[in-house]
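Data block below; observations after.
Just so it is clear, none of the values below were taken in a lab; they were calculated from the coordinates. Being a predicted model, the structure only gives us computed values, none of them experimental. Here Cβ is always computed from backbone atoms with ideal geometry, including for glycine, and neighbour counts include all displayed protein chains.
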């Protein structure tokens, strides 16, 4: 099995007035590096794409790229390049990228041109997230340049950043330099083509967490009412855990809970609600190990939110009262 480490450059409308809602970001370059199972570079791919929607480069995009509109006019159509790229990838491979947006925009552009969608559910490796976890900064968004510097990877002046193939090259070097343990357990699922029906839902057990990607719902209430999805489960054995803190709204699009498995201890559950392309909703639930301190931390958060809601409700009542 090979790793396809790829990167995209994309352009956007100069103003919202001229933006096409079906494709706000138009891909103008695809670059990729093919690695074998031992992270050795065995091939590279690069091609510029002639823009169809946004033919003038947006100022910020233009300032970071190493080419201009004239060179793009000599590029080839997206569908031709994309088919060539996917053929180059081969048969047995897994996508890798710095962040999760490249796969999202690749599929958005493919859909715009009525191309056959990628196989779903689609596994990939988010190298940016793997690196953040390695340095114990799970929620930190790390720039590729910083990771290259921190890992003492040599920068090649002939390969400047913000060229798709060069960024893919440096991402592949970061991946190889890390040599992450248990790499087979570090994959993510892309949700551009989210599960539509209950039988298509994704439930997967990782070593340190359980992930459940739901089917589509009409509103948020349906998500928690679905006992198959909202049940508090042990991340390790998959059995139902005893409720210690019921699901509560952490933000308008997220929920948190705590349970306790008889065999494996405390688990913290998180639900993130996302909107689909057709305006419906789906949710991603994760269950991960915790301890007594984790339980108390979630309790504090719950109480803090309750206090804020009480104050907000009280202020509203005061405003409505006549003078």
Checklist entry - Which of these, 183, 273, 174, has the largest mean-square fluctuation under a Gaussian network model of the chain (Cα springs below 10 Å)? => result 183
Item to check | Gaussian network model of the chain, springs between alpha carbon atoms under 10 Å - residue of 237, 188, 82 with greatest fluctuation | outcome: 237
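Can you tell me the FRET efficiency between residue 240 and residue 134 if r is taken as the Cβ-Cβ distance and R0 is 35 Å, rounded to the nearest 0.05?
Once the sixth-power term is evaluated, E becomes 0.60.
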Checklist entry - To one decimal place, what orientation-averaged projected area in nm² is obtained for the convex hull of the Cα set of the chain? => result 21.4 nm²
Checklist entry - What distance in nm separates the simple spin-label points at residue 53 and residue 288, each placed 7 Å from Cα in the Cβ direction? => result 3.4 nm
Checklist outcome for this item: Expressed as a whole-number percentage, the relative contact order of the chain with C-alpha contacts under 8 angstrom and at least six residues apart is 13 percent
Item to check | Relative contact order [Cα under 8 Å, 6+ residues apart], segment 2-185, whole percent | outcome: 28 percent
Item to check | Whole-number percent relative contact order across segment 195-310, with pairs defined as alpha carbons under 8 Å at least 6 apart | outcome: 24 percent
Next on the checklist: Could you identify which residue out of 158, 193, 242 has the top mean-square fluctuation in a GNM of the chain using Cα springs shorter than 10 Å?
Outcome noted: 158
Next on the checklist: Residues of segment 42-69 with the amide nitrogen closer than 11 Å to a label point 7 Å from the Cα of residue 14, along Cα-to-Cβ, please.
Outcome noted: 55-59
Checklist entry - So how much slack lies between residue 87 and residue 301, counting 0.36 nm per residue of separation and subtracting their Cα-Cα distance, in nm? => result 72.1 nm
Item to check | Rg [Å, one decimal], Dmax [Å, integer] - segment 190-279, C-alpha atoms | outcome: 13.3, 41
Item to check | Computed E for residue 145/residue 21 - FRET, C-beta separation, R0 41 angstrom, nearest 0.05 | outcome: 0.80
